Structures are given as C-alpha cells and as structure tokens.
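Each reported figure results from applying straightforward, stated rules to the coordinates on display, with no laboratory input. Since the structure is predicted, the reported quantities are computational estimates derived from the model, not experimental observations. Note that each Cβ is placed from the backbone with ideal geometry, even for glycine, and that neighbours are counted across all protein chains shown.
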Amino acid sequence: MTTRPNSSAHGRRALAAGALALSGALTLSACGSSDSGSGPGSRSGATHVVKTAMGDVRVPVAPKRVVVLDTAELDSAVTLGVKPVGATHVEASKGFPSYLPKDKVAGIKDVGEMLNPNMEAIAALHPDVILTSKIRHAAKYDQLKEIAPTVMTETTGYPWQKNFQTHADALGKKAEARKAVAEYEAHAAKVTAAVGGPEKAKATKVNVLRFVEGADIRLYGEQTYIATLLKDVGLGRPALAAKAKDGFSYDLSPEKIDLADADVIFRATYGDPAKAKETRTTGSGLWKSMDAVKKGNVHTVDDELWIQGIGYTAAAKILDQMRAALTG
C-alpha cells in the first residue's frame, strides 16, 4: 500500500501493522495450524486434484473445515453430511435457508452477505477448502485462494447437478453423492407415477413465476434449477418458457401476466410483495381471468426453497410439494 507523502511515521507504522495482521491471518489459514481442527488428510498433507472453473485445484482428501459462499454450496454440503464451519447469507433473508434441518446448520458461522463475504471472518475460521462459483466471486478469487484452496464452479443454478459432483469431489464424498442422486431419481419417478405417468405428466403444462422486488416478473425458462426438476418429473412447459432470455427467464409486466397462463402455475416472491408487483398483479382482473387461477391451479411456494435452495436437499422437499399440488 502506498501512503501519501505527508503521512506521519505513526500512520505508516499503523498501516504496516494492519497489513501484517491480515497477512498473518491469511498465512495461518492457508498453511493450517495445530488447533485448526483440520482432518487427518489435511494434517498428513494428503491431497487430490479437483477440476474447477479456475483450473485444477489441489485440496485435502478429507477436508473438515469447509466454508461455503452461496446457497447451492451449503445445500451440497448438508446433502453430503458435511457441516461447514462458515457460510454466507442471502441479502433478503435472515440467517441460513429455513428449509435446511436446524441441527445441520446450527453453529455455522455467518461470514457475511453472499455477494460481499467478509474475508477476515473467513480467514479466522482457518478453512481447509472454500466452495463457491465463478459467477459469484471470480473477482475475489485471488483473495480467497490465499486463505484456502478455493473450488469454483463456472456458475450456479442450471448446472446444479454437475456442480454437485464438483462439490462432492472437493469434499471427498463421492459415494454419498451417488446415493443422493439415486434417491433423487427414484423420488422424481414416484412423482411422475403419482400424476398419472409420463404421458399425462408431459401433457400438463407448468410455469414457475417469481415476483422480484425492484424487477419485472420472471417466468422461469428451461435453463434454471427449478426447470430441471420439472423436466426430471417429465412435466410439460408452455411455449413461452422456451423464449426465455439465455434460457433463464422471460420477464413480464403486470399488464402482460396473462401470457404466463398454464395448466398449473407455481409462484414465489422475493422481497416486499408490493414492491415486487405481486399485490398489484394478483389483484388485477387480468390475473383473475387466467385459466390456472380460475381452476385453482396456482400454488404459492417458498422462494427460499424453490428458487434459492439449489440442491438435492431442496429438491426432495420441492418434489414432495409438487406432488401434493399436482395430485390434490
């Protein structure tokens, strides 16, 4: 760090001390310490290479002190039986996702808001691996890798099943991952059977809407987390879903909400309902004239679970709710 020419000697000493303190914290976390609680693999120096969006990264074979920086990574860890020592929270929520079992998240240190994690708080936990994605924290990668080996997937959401395998590799939990995938596939097949089999499922057109504070209403496209669950059950999608920008969402105003009509609609809200245009939209005559609304086939779902969760633990709960809605 460069100081101004008129800085005092005292100021220079204070800045140097601060830099050394942070450097020391980063060095300790990167190298490990006798009381860090790292697993046997870390202490013995045994490592393996994980392929990531940032290239090959060498991680301990059995990491015990894991920090996760987004909801998908937290879901993956919980699914695989790993309790992170630290995790971020989503800005609009309080604490960690409520759909996760309380005993699985109790004691996890909150290391800040997801888009702006606290580096000193992360370093203080002496992690032996950090899980996140390039789309979230590419700009912070150099800082993060100084703290601990950092495993980044390219993005989050749509490639969640592929990302889960990367997380499992980084955590040394490939066997547990195979079990989770098998259970999910069996669960999805049961939902397909419950709604009347593959043909009836395909004939049932389903849309997922999200009212977002400060943004247009989102009709989720094919390349999203929730769309993969609909696809794995074999449910049909209205043609508009295929027109989503970059496969993510087709954005609608309240005045065009009738374009989102389908046999079944699941809707979630992020933020204040009034600011997210939910109140205005669902109170309109246009909304009330939609077939799904008139037939009682619109189901309000938890945004934290259906949209933010992104993982196999979330998926199990979503499949149960989906089955209840489609067969009720």
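The angle between the Cα long axis of helix 312-327 and the longest principal axis of the Cα atoms of the chain comes to about 10 degrees, rounded to the nearest 10. Estimated from helices alone, the mean residue ellipticity of the chain at 222 nm is -11500 deg cm²/dmol (sum of -39500 (n - 2.57) over DSSP H runs with n ≥ 4, per residue).
The Thr279 and Asp320 beta-carbon pair, evaluated with R₀ = 22 Å, returns a calculated FRET efficiency of approximately 0.20.
In what order do Leu230, Leu319 fall by count of nearby beta-carbon atoms within 10 Å, going from fewest to most? If you can, show how the numbers build up before the last one.
On the way: Leu230 25, Leu319 19.
The fewest-first ordering by Cβ neighbours comes to Leu319, Leu230.
Taking all pairs of distinct Cα atoms, average 1/r, flip it, and tell me the Kirkwood hydrodynamic radius of the stretch 187-327 in Å to one decimal place.
Values: mean 1/r = 0.0666 Å⁻¹.
Hydrodynamic radius (Kirkwood, Cα only) of the stretch 187-327 equals 15.0 Å.
Amide H to amide H distances under 5 Å link Thr204 with Gly236, where only residues 5 or more positions off or on other chains count and H is placed in the peptide plane. The ranking of Thr269, Thr192 from fewest to most other beta carbons within 10 Å of each one's beta carbon is Thr192, Thr269.
Can you figure out the FRET efficiency of Gln143 with Asp291, using R₀ = 51 Å and their beta-carbon distance, to the nearest 0.05? Don't jump to the answer; show the numbers that get you there.
Values: r = 52 Å, r/R0 = 1.01.
E(calc), rounded to 0.05, equals 0.50.
Hey, what's the Kirkwood Rh for the stretch 35-172 if you take every pair of different alpha carbons, in angstrom? Mind showing how you got there, number by number?
On the way: mean 1/r = 0.0683 Å⁻¹.
One decimal place: 14.6 Å for the Kirkwood radius.
Helix 174-194 and the longest principal axis of the C-alpha atoms of the chain enclose an angle of approximately 10°.
Computed from Cα atoms, the angle from the helix 160-171 axis to the main principal axis of the chain rounds to 30 degrees. In this structure, Gln165 and Thr47 have a Cβ-Cβ separation that, at R0 = 25 Å, corresponds to a calculated FRET efficiency of about 0.85. For the chain, the fraction of C-alpha pairs farther apart than 37 angstrom is 27 percent. For the listed residue pairs Lys104/Lys245; Lys102/Lys173; Lys104/Lys205; Lys190/Lys277; Lys140/Lys162; Lys104/Lys200, the alpha carbons are over 32 angstrom apart in Lys104/Lys245; Lys104/Lys205; Lys190/Lys277; Lys104/Lys200.
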